[in-house]
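Participant: Have a look at this one before I ask anything.
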Amino acid sequence: MVDFQNTGYEGVRLICAGTLKEITGKGIKLKDGLHLLIWSEDQDDDGKADNLIVEAVVKFSDVDKCWVAQFDYAQLKHESDKI
């Protein structure tokens, strides 16, 4: 899980507590070029869960001084849109 509003200069920062807990809980070791599916909680118009999801590439940002996930915002979709 990520917070898509926590965007730095080079991507979404992977520093939120929930993000770090999920990454470490799954045994993922961040490294440059790692591909991840990242997601954030969201709801449809009826209030049902329909999370946002996108494939991203991990990079250590020297500017932001942390790991970030880079992705094409045009590819950001709701889970229900994925085929």
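Participant: Under the rule of -39500 (n - 2.57) per DSSP H run of 4 or more residues, summed and divided by the residues of the chain, what mean residue ellipticity at 222 nm is obtained, to the nearest 500 deg cm²/dmol?
Facilitator: After summing the helix terms and dividing by the residues of the chain, the value is -3000 deg cm²/dmol.
Participant: Right, another one. What full-extension length gain, to one decimal in nm, is calculated for Phe4 and Asp62 as 0.36 nm per residue of separation minus the Cα-Cα distance?
Facilitator: 18.9 nm
Participant: Turning to a different aspect of this structure: Would the stretch 1-48 count as rounded, prolate or oblate if I go by the C-alpha gyration tensor, calling it rounded below 1.5 in a/c and otherwise prolate when a/b exceeds b/c, oblate otherwise? If you can, show how the numbers build up before the last one.
Facilitator: Numbers: a/c = 2.16, a/b = 1.54, b/c = 1.41.
Judged from the Cα gyration tensor, the stretch 1-48 comes out prolate (a/c at least 1.5, a/b above b/c).
Participant: Which cross-chain or sequence-distant (5 or more) residues have an amide H under 5 Å from the amide H of Lys77, H modelled 1.01 Å from N in plane?
Facilitator: The list, which skips near neighbours in sequence, is Ile53.
Participant: For Phe4, enumerate residues with amide H under 5 Å from its amide H, sequence gap 5+ or separate chain, H modeled in the peptide plane.
Facilitator: none
Participant: Using 0.36 nm per residue, how much length does the chain from Asp42 to Lys21 gain when fully extended, once their Cα-Cα distance is taken away? Present the calculation step by step, with values, prior to reporting the outcome.
Facilitator: Working: separation 21, 0.36 × 21 = 7.56 nm, distance 1.92 nm.
That works out to 5.6 nm of additional length.
Participant: To continue, here is another question. Can you list residues whose amide H is under 5 Å from Trp67's amide H, if they're 5+ apart or on another chain and H is modeled 1.01 Å from N?
Facilitator: Leu14, Ser61
Participant: If contacts are Cα pairs under 8 angstrom and at least 6 residues apart, what is the relative contact order of the chain in percent?
Facilitator: Details: 142 pairs, mean separation 25.3, N = 83.
Once normalised by length, the contact order is 30 percent.
Participant: If you don't mind, another one. Hey, could you get me the Stokes-Einstein D for the chain, Kirkwood radius over alpha-carbon pairs, 10 °C and 1.306 mPa s, rounded to whole µm² s⁻¹?
Facilitator: 120
Participant: Please give, to one decimal in nm, the separation of the simple spin-label points placed at Leu52 and His35, each 7 Å out from Cα toward the Cβ.
Facilitator: Rounded to a tenth, the inter-label distance reads 2.2 nm.
Read-outs: derived from the displayed coordinates by stated rules, not from any lab. Since this is a predicted model, take the numbers as computed values, not measurements. Cβ: placed from backbone, ideal geometry, glycine included. Neighbour counts: every protein chain shown.
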